[in-house]
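> Handing you this structure, nothing more for now.
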Amino acid sequence: MDSTSLEPSLYTVKAVFILDNDGNRLLSKYYDPELYPSMKEQKNFERNVFNKTHKADNEIAFLEGMTIVYKSSIDLFFYVVGSAQENELMLMSVLNCMFESLSHILRKNVERRCLLDNMEGVFLVVDEIIDGGVILESDPQQVLQKVNYRADENPLTEQSVAQVLQSAKEQIKWSILK
């Protein structure tokens, strides 16, 4: 093993995915293009992870040279994947933040149907926590504030989505100007 792979990196998260209780993909984001470049390889990896974890009581698994932390709720399985050398506590903080944020958005009803009905919110939450494999946030309250979610409103109004799009446009514009 070369020493460069052991150097600290901001690129902590290799992938995030949510599967239903049959192992079907509901959401997946892979942040390392070399890890599993094709859809077929990604789904195969997810199937292997699901087969290893869906009946286990643990929160951490090691498979195919990856560290995987996971959590289940009713009929969903949440996974965060990092390299074999990655700190499990860092990955677990991402998983807990994602789960708590989604639990709030879904009004404590973290199940397949509600998740599918609120996919735009799910993607916004994941994107606020992780960007390109870099952990941006691990506090669920900060994530909820950034996606402009309030418990007394409908989840993610059109205005908040428009605000997110406008913010993204501004960030792209500034990155081009630099």
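> Yes or no: E34 open to solvent by 50 Å² or more (accessible area, probe 1.4 Å) and within 15 Å of T12 (Cα to Cα)?
In short, yes.
> Restricting attention to the range 52-66, which residues are among the β-branched types (V, I, T) and surrounded by fewer than 16 Cβ atoms within 10 Å (Cβ to Cβ)?
I60
> Which ranges mark the helices (runs of 4 or more DSSP H) fully within the range 73-178 that have 3 or more residues being modelled with pLDDT of 85 or more and among the small types (G, A, S)?
Output list reads 88-105.
> For residues in the range 18-31 being farther than 19 Å from I135 by Cα and without any contact (Cβ under 8 Å) to a residue 60 or more places away in the chain, which is most open to solvent (accessible area, probe 1.4 Å)?
Among residues in the range 18-31 that are farther than 19 Å from I135 by Cα and without any contact (Cβ under 8 Å) to a residue 60 or more places away in the chain, the one most open to solvent (accessible area, probe 1.4 Å) is D22.
> For V49, are the conditions met, namely being touching a strand residue (DSSP E or B) at 6+ places or on another chain (Cβ under 7 Å), part of a helix (DSSP H, G or I) and not charged (D, E, K, R)?
Here the answer is yes, as V49 does meet what is asked.
> Right, something else. When you go through E128, E120, E100, E111 one by one, which is the residue that is of a type in the set (D, E) and farther than 19 Å from N148 by Cα?
E111
> Still on this model: From the list V81, V94, V49, V69, pick out the single residue that is touching a residue at least 24 places away in the same chain (Cβ under 8 Å), surrounded by 21 or more Cβ atoms within 10 Å (Cβ to Cβ) and more than 21 Å from F123 (Cα to Cα).
Exactly one residue qualifies, and that residue is V49.
> Turning to a different aspect of this structure: Does the range 56-69 include one or more residues that are closer than 24 Å to L136 by Cα and charged (D, E, K, R)?
Yes: one or more hits.
> Is it fair to say Y11 is open to solvent by 30 Å² or more (accessible area, probe 1.4 Å), hydroxyl-bearing (S, T, Y) and at pLDDT 90 or above?
No, not satisfied.
The values are calculated or read from the model by the stated rules, or taken from the named source; none is laboratory data. Values in this document were obtained by computation on a predicted structure and should not be read as measured data. In this analysis, Cβ positions are derived from the backbone assuming ideal geometry, glycine residues included, and neighbour counts consider all displayed protein chains. We work out accessible area using only protein heavy atoms, side chains counted, and drop any ligands, DNA or RNA first. Shrake-Rupley method; radii C 1.70, N 1.55, O 1.52, S 1.80 Å.
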